[in-house]
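Scroll down for the structure; my scribbles are underneath it.
The values are calculated or read from the model by the stated rules, or taken from the named source; none is laboratory data. Just so you know, these numbers come straight off a predicted model, no measurement behind them. Note that we place each Cβ from the backbone using ideal geometry, even for glycine, and neighbour counts take in every protein chain shown.
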Protein chains: 2
Amino acid sequence: MKKKIVRIKDIAERAQTSKGTVDRVLHNRGRVADDVRERILAIIKELNYEPNLIAQSLKSQRAFNLAALIPDPNLDSYWEAPHNGLEKAEKELRQYGVRITKFIFNSHSDTSFIAKAKEVGREHPDGLLIAPIFYKEALPFFKEWAEMGIPYVLFNTQIEHVNPLCYIGQDSYRSGSLAAKILRFGLHSPGTVLVAHVNEDISNSAHLITKEEGFRDFFKSEQLEDTFKVISNEINFPDEEGPDKQLDELRKQYPDLSAIYVTNSKAFEVAAYLEKNALKDIKLIGYDLIGRNQQYLNKGIIDFLINQNPLGQGYWGIHQLANHLIFKKEIPAIKFLPLDIITKENLDYYLDPQ
Amino acid sequence: MKKKIVRIKDIAERAQTSKGTVDRVLHNRGRVADDVRERILAIIKELNYEPNLIAQSLKSQRAFNLAALIPDPNLDSYWEAPHNGLEKAEKELRQYGVRITKFIFNSHSDTSFIAKAKEVGREHPDGLLIAPIFYKEALPFFKEWAEMGIPYVLFNTQIEHVNPLCYIGQDSYRSGSLAAKILRFGLHSPGTVLVAHVNEDISNSAHLITKEEGFRDFFKSEQLEDTFKVISNEINFPDEEGPDKQLDELRKQYPDLSAIYVTNSKAFEVAAYLEKNALKDIKLIGYDLIGRNQQYLNKGIIDFLINQNPLGQGYWGIHQLANHLIFKKEIPAIKFLPLDIITKENLDYYLDPQ
DNA sequence: TTTAAAAAAGTGTTCGAGCACGCATTAAAA
DNA sequence: TTTTAATGCGTGCTCGAACACTTTTTTAAA
């Protein structure tokens with residue numbers, strides 16, 4: 001029962017024609033009589049022909065220049081991981097002619113984003129991976145890229161109605177619900193639960209709102225609204241200061257504060273505050289395995305982290321582009337990455353995957 | 001700054017010789033004068049030659065017959081996932097000539113295991129993936145296979161000192177600690193915690209003991225031994241009966257039983273008991289996303305499941321063999337898969353990965 | 001009917017590595 | 001010295017698909 005591999009030549013023989021003709025049918029290059037075309041198509045189906053990708057890419061030798069429009073990891077270490085993911089994917093796909101050019105912008109500066117986005121257009125890449133953290137500023141570019149026929153994959157931040165090839169990242173709503181579920185598991189007595197948006201421009205970050213919704217809806221759907229009061233707050237402060245003032249204020253207002261959910265990777269800021277004030281009983285959950293979060297996770301001040309798998313986002317983003325451009329596979333419009341729950345005990349396994 | 005891809009021909013030209021000679025150097029086929037050999041080696045290093053895997057595998061066309069010695073998924077649905085992982089890997093690697101023959105044994109019958117293991121030897125596969133759930137019975141075969149030069153990859157059950165190419169699975173000790181950490185997070189008041197080994201022959205399953213150790217050591221290292229009493233029990237019963245009698249007994253003995261850790265995929269048996277007796281306050285954690293566990297997870301009776309990623313175990317097992325046999329890569333002796341924590345909220349993402 | 005143009009079909013080279021084969025040179029055996 | 005073997009090295013075919021190029025056939029125009 002050994003399946004013989006079907007080649008173009010086999011099809012040609014069976015159809016009593018030449019491999020050149022079969023090739024034209026396969027690639028819709030035209031110049032084939034309709035009846036022959038039908039015959040060949042039937043045989044292709046019958047023999048269940050699958051092109052040999054190896055031979056294919058050996059021949060074509062085409063260069064695929066991909067662009068990656070992503071924030072500077074030096075300014076926010078969260079972005080280190082996507083860079084690594086990109087590079088990992090590039091290594092694997094170099095054989096297939098994939099080259100990646102990085103366009104790195106300042107995550108605090110929309111003008112820097114715009115400048116780099118313009119550069120991307122000038123480069124005319126074959127595909128684009130983008131972390132569209134500036135929602136409003138990104139919109140016009142999507143139109144531009146679509147017109148230029150450049151397929152783009154979004155990651156990290158989901159934006160509706162801009163028709164990307166694919167979005168890669170987490171389901172923010174579910175992510176919020178999951179955080180709620182875990183915190184609730186650790187909460188015994190009634191109290192106040194804080195959703196903290198730390199140092200982030202909420203108006204331009206729809207996904208943080210979605211996380212909060214998911215979080216709140218968990219408590220609603222489990223009929224826990226009487227037991228736990230969910231409040232939310234934007235906590236903004238300059239780098240040197242820390243969130244002390246705002247959190248002091250909140251604790252005064254809600255003395256029964258028993259858990260904090262930080263919606264981005266800045267849980268360490270809150271953790272530092274909790275440590276300083278020896279608030280051992282306030283549960284804390286946040287996002288992302290950046291160095292400072294790991295420290296507090298290991299100390300037991302952060303209880304859980306949800307991993308957004310930023311490395312995987314970069315990695316899969318490039319792979320989706322390759323699947324589309326090189327392997328002509330169908331791409332799902334959304335690829336949700338798992339919501340990994342991280343504690344001190346399983347941290348290692350998520351740090352340097354595969 | 002475009003890196004030019006270095007071919008054998010390039011090396012040959014630079015060394016003023018022919019590609020045939022370079023090829024002999026590359027493959028240690030001998031028949032090359034020492035000085036030429038040195039020269040070529042130097043150039044290979046200098047130009048940083050990396051063989052084009054695509055061209056390589058196009059040419060070689062070799063068939064790799066792999067064998068998989070695994071339990072029957074019809075008798076224990078846990079084993080469905082590894083089968084799927086195997087098939088997924090086979091699909092990806094078919095291009096490279098990989099074919100897998102499955103040798104399926106009855107997970108309740110050591111004689112069936114032995115019979116199938118003998119069959120494997122007769123087939124002389126190029127590589128073997130095995131779930132060695134019968135420790136004692138498997139030992140002599142490892143020796144046999146080693147003598148035959150068949151590399152074998154272990155998965156699911158780690159066995160020391162049998163010199164496999166690689167072990168793929170979870171770190172059982174850590175796994176136990178993780179379970180403890182999660183349960184502890186949800187435990188408020190002092191009480192008894194049960195480690196339940198359900199319907200499993202402990203004497204032949206070292207990894208269950210290791211899990212228990214990890215679990216107990218967590219409570220020790222966190223100095224919680226005074227607060228929580230950890231007991232363990234083998235709960236064995238015929239399929240029709242259920243664990244009711246044993247659990248009733250245990251609850252009588254330990255009225256403050258507040259959490260149960262099931263060390264294998266049989267948490268659903270305990271969950272059924274808890275549901276029947278409306279024991280909402282006993283926390284329950286177990287392993288694996290098999291159908292019946294999922295039901296109780298969604299009902300909220302099982303609080304958390306730890307995913308052993310059985311699909312991934314099969315998938316990576318085959319890939320490790322391929323990496324060794326086809327791509328001649330270095331294989332790490334142990335590949336620990338992540339300890340995924342699963343709740344109702346993130347279950348979906350782990351059901352059909354990628 | 002002839003001729004040109006268009007359409008259809010076929011041929012042959014290429015990609016990079018593997019490997020069989022064969023030739024040439026040198027060393028060892030007769 | 002001749003024969004044989006061993007060693008060193010180069011040539012050329014192969015894998016399957018892509019595509020440029022050529023040849024054959026069909027159709028339309030003269």
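Does any residue of the stretch A:261-273 turn out to be within 14 Å of another protein chain (Cβ to nearest Cβ) and out of contact with any Cys (no Cβ under 6 Å at 6 or more places or on another chain)?
Yes, the stretch A:261-273 contains at least one residue that is within 14 Å of another protein chain (Cβ to nearest Cβ) and out of contact with any Cys (no Cβ under 6 Å at 6 or more places or on another chain).
Each row is one residue, and each column tells you yes or no for (1) in contact with an Asp or Glu (Cβ under 7 Å, 6 or more places away or on another chain); (2) exposed (fewer than 14 other Cβ atoms within 10 Å of the Cβ); (3) within 18 Å of B:Lys329 (Cα to Cα).
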residue: B:Ile8; (1), (2), (3): yes, no, no
residue: B:Ala15; (1), (2), (3): no, no, no
residue: B:Ser18; (1), (2), (3): no, yes, no
residue: B:Leu26; (1), (2), (3): no, no, yes
residue: B:Val36; (1), (2), (3): no, no, no
residue: B:Glu46; (1), (2), (3): no, yes, no
residue: B:Tyr49; (1), (2), (3): no, no, yes
residue: B:Ile54; (1), (2), (3): no, no, yes
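Just the residues that are within 7 Å of DNA strand D (Cβ to nearest atom), away from every other protein chain (no Cβ under 13 Å) and of a type in the set (A, V, I, L, M, F, W, C), please, taken from the stretch B:14-65.
B:Val32, B:Ala33, B:Val36 - these are the residues of the stretch B:14-65 that are within 7 Å of DNA strand D (Cβ to nearest atom), away from every other protein chain (no Cβ under 13 Å) and of a type in the set (A, V, I, L, M, F, W, C).
Condition (residue is in the same structural domain as A:Tyr315 (by TED's automatic domain parsing), free of Cβ contacts under 8 Å to residues at least 60 places away in the same chain and more than 22 Å from A:Asn264 (Cβ to Cβ)) applied to the stretch A:104-113: is it met by at least one residue?
From the stretch A:104-113, those in the same structural domain as A:Tyr315 (by TED's automatic domain parsing) are A:104-113; that's our starting set.
Now narrow it down to the ones that are free of Cβ contacts under 8 Å to residues at least 60 places away in the same chain: A:104-113.
Imposing the further condition that a residue be more than 22 Å from A:Asn264 (Cβ to Cβ) reduces the set to A:111.
So far as the stretch A:104-113 goes, yes, one or more of its residues are in the same structural domain as A:Tyr315 (by TED's automatic domain parsing), free of Cβ contacts under 8 Å to residues at least 60 places away in the same chain and more than 22 Å from A:Asn264 (Cβ to Cβ).
Here is a check on your reading of the model: is B:Ile104 away from every other protein chain (no Cβ under 14 Å) and assigned to a strand (DSSP E or B)? Give the derivation first.
Numbers: away from every other protein chain (no Cβ under 14 Å): yes; assigned to a strand (DSSP E or B): yes.
Here the answer is yes, as B:Ile104 does meet what is asked.
Specify which of the listed residues (A:Ile159, A:Ile168) is within 13 Å of another protein chain (Cβ to nearest Cβ), in contact (Cβ under 8 Å) with a residue 12 or more places away in the chain and of a type in the set (Val, Ile, Thr).
A:Ile168
When you scan the stretch B:288-308, how many residues do you find that are farther than 11 Å from B:Phe268 by Cβ, part of a strand (DSSP E or B) and touching a Leu at 6+ places or on another chain (Cβ under 7 Å)?
2
Within the stretch A:274-286, is even one residue within 11 Å of chain B (Cβ to nearest Cβ), in contact with a helix residue (DSSP H, G or I) (Cβ under 8 Å, 6 or more places away or on another chain) and of a type outside the set (Gly, Ala, Ser)?
The first filter runs over the stretch A:274-286 and keeps only residues within 11 Å of chain B (Cβ to nearest Cβ), leaving A:283, A:285.
With in contact with a helix residue (DSSP H, G or I) (Cβ under 8 Å, 6 or more places away or on another chain) added as a condition, the list becomes A:283, A:285.
Filter once more, so that each one left must be of a type outside the set (Gly, Ala, Ser): A:283, A:285.
Yes: one or more hits.
Considering the stretch A:107-126 alone, what residues qualify as being of a type outside the set (Gly, Ala, Ser) and either assigned to a helix (DSSP H, G or I) or at pLDDT 95 or above (or both)?
Selection gives A:Asp110, A:Thr111, A:Phe113, A:Ile114, A:Lys116, A:Lys118, A:Glu119, A:Val120, A:Arg122, A:Glu123.
Yes or no, residue by residue, for (1) among the small types (Gly, Ala, Ser); (2) more than 30 Å from B:Leu337 (Cα to Cα); (3) away from DNA strand D (no atom under 16 Å from the Cβ):
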position	(1), (2), (3)
B:Val6	no, yes, yes
B:Lys9	no, yes, no
B:Ala67	yes, no, yes
B:Asn74	no, no, yes
B:Pro82	no, no, yes
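Would you point out which residue out of A:Val32, A:Val98, A:Val25 is within 16 Å of DNA strand C (Cβ to nearest atom) and under 30 Å from A:Gly317 (Cβ atoms)?
On inspection, the qualifying residue turns out to be A:Val98.
Checking A:Arg94 against (1) farther than 30 Å from B:Ile100 by Cβ; (2) surrounded by fewer than 18 Cβ atoms within 10 Å (Cβ to Cβ); (3) more than 16 Å from DNA strand D (Cβ to nearest atom), which test does it fail?
A:Arg94 satisfies all of (1) farther than 30 Å from B:Ile100 by Cβ; (2) surrounded by fewer than 18 Cβ atoms within 10 Å (Cβ to Cβ); (3) more than 16 Å from DNA strand D (Cβ to nearest atom) except (1).
A:Pro190 is checked against (1) out of contact with any Asp or Glu (no Cβ under 8 Å at 6 or more places or on another chain); (2) away from every other protein chain (no Cβ under 11 Å) and fails just one. What number does that condition carry?
(1)
Looking for whichever is within 29 Å of the chain's Cα centre (by Cα), more than 9 Å from DNA strand C (Cβ to nearest atom), surrounded by 16 or more Cβ atoms within 10 Å (Cβ to Cβ) and of a type outside the set (Val, Ile, Thr) here; the options are B:Ala89, B:Ala63. Which one fits? Show your work before the answer.
Values: B:Ala63 fails: surrounded by 16 or more Cβ atoms within 10 Å (Cβ to Cβ).
Among B:Ala89, B:Ala63, only B:Ala89 is within 29 Å of the chain's Cα centre (by Cα), more than 9 Å from DNA strand C (Cβ to nearest atom), surrounded by 16 or more Cβ atoms within 10 Å (Cβ to Cβ) and of a type outside the set (Val, Ile, Thr).
Restricting attention to the stretch A:320-354, report how many residues are facing another protein chain (nearest Cβ under 9 Å), out of contact with any Phe, Trp or Tyr (no Cβ under 9 Å at 6 or more places or on another chain) and not in a loop (DSSP other than H, G, I, E, B).
Here the count works out to 1.
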